[in-house]
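Engineer: Please see the structure below; I have some questions.
Any read-out appearing in this document is the output of simple, stated calculations on the displayed coordinates, not a laboratory observation. Since the model is a prediction, treat every value here as computed from it, not as a measurement. Every residue, glycine as well, gets a Cβ built from its backbone with ideal geometry; the counts of neighbours run over all protein chains shown.
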Amino acid sequence: MSSDAIVILKNDHKEIRKLFRSFRGAGENADKEKGTIVEKIIEALTVHTYIENEGMYPRVRELVPELEDDILESYEEHHVADVLVTELATMSPGDERFDAKTTVLIENVEHHIQEEEDEWFPQVREHLGRKKLQEIGAELLELKSKAPTSPAQPSALQKALDAVLEES
């Protein structure tokens with residue numbers, strides 16, 4: 001597996017999009033299947049936002065200060081996703097707003113992924129180059145190995161709490 005940070009994040013995006021397609025294709029009365037898919041979405045997004053927030057964003061912010069506005073926007077988009085993921089984790093597929101909340105999460109994350117891949121990643125690659133992206137990628141893989149997989153885990157709760165406290 002490549003240790004290029006952008007390749008790692010794009011591979012995550014590919015898996016997350018695949019889960020989104022599965023949810024959309026599950027059909028109207030597929031509560032059990034949708035519940036299983038949403039559990040996987042929650043896990044994938046919890047891990048992914050963790051490694052971006054703890055690894056990629058701080059490193060890029062330090063190395064490429066001119067991208068700070070993009071990074072701050074990404075933190076906010078992650079905050080919105082974290083709130084929705086936390087709420088979904090407490091719901092069951094039969095809940096009235098389960099599908100709607102999942103759809104809003106999917107739409108927000110797809111927007112975020114598209115911005116990262118179309119606008120942000122090319123700028124980061126241009127500024128940092130292959131060697132630095134491989135170093136950061138190795139850090140992301142290390143973070144991924146110990147990342148929370150549920151929004152209820154302490155490190156995920158701390159990430160959400162930090163986002164809220166930075167607001168005030």
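Engineer: Ignoring everything except DSSP H segments at least 4 long, calculate the 222 nm mean residue ellipticity for the chain; use -39,500 (n - 2.57) per segment, divide by total residues, nearest 500.
Structural biologist: So the calculated ellipticity at 222 nm is -26000 deg cm²/dmol.
Engineer: Now for a different question. Based on the mean of other Cβ atoms within 10 Å per residue, sort peptides 14-20, 105-111 so the most packed one is first.
Structural biologist: Descending packing order for the listed peptides: 105-111, 14-20.
Engineer: Can I ask one more? Extent of region 41-147 along each principal axis, from alpha carbon coordinates, in Å, largest to smallest?
Structural biologist: 48, 27, 17
Engineer: Pop out the ³J(HN,Hα) list for region 111-125 in order, Karplus 6.51 cos²θ - 1.76 cosθ + 1.60 with θ = phi - 60°, rounded to Hz; leave Gly and Pro as x.
Structural biologist: Working through the residues one at a time gives 4, 4, 4, 4, 4, 4, 6, 7, 10, 7, 4, x, 5, 5, 4 Hz.
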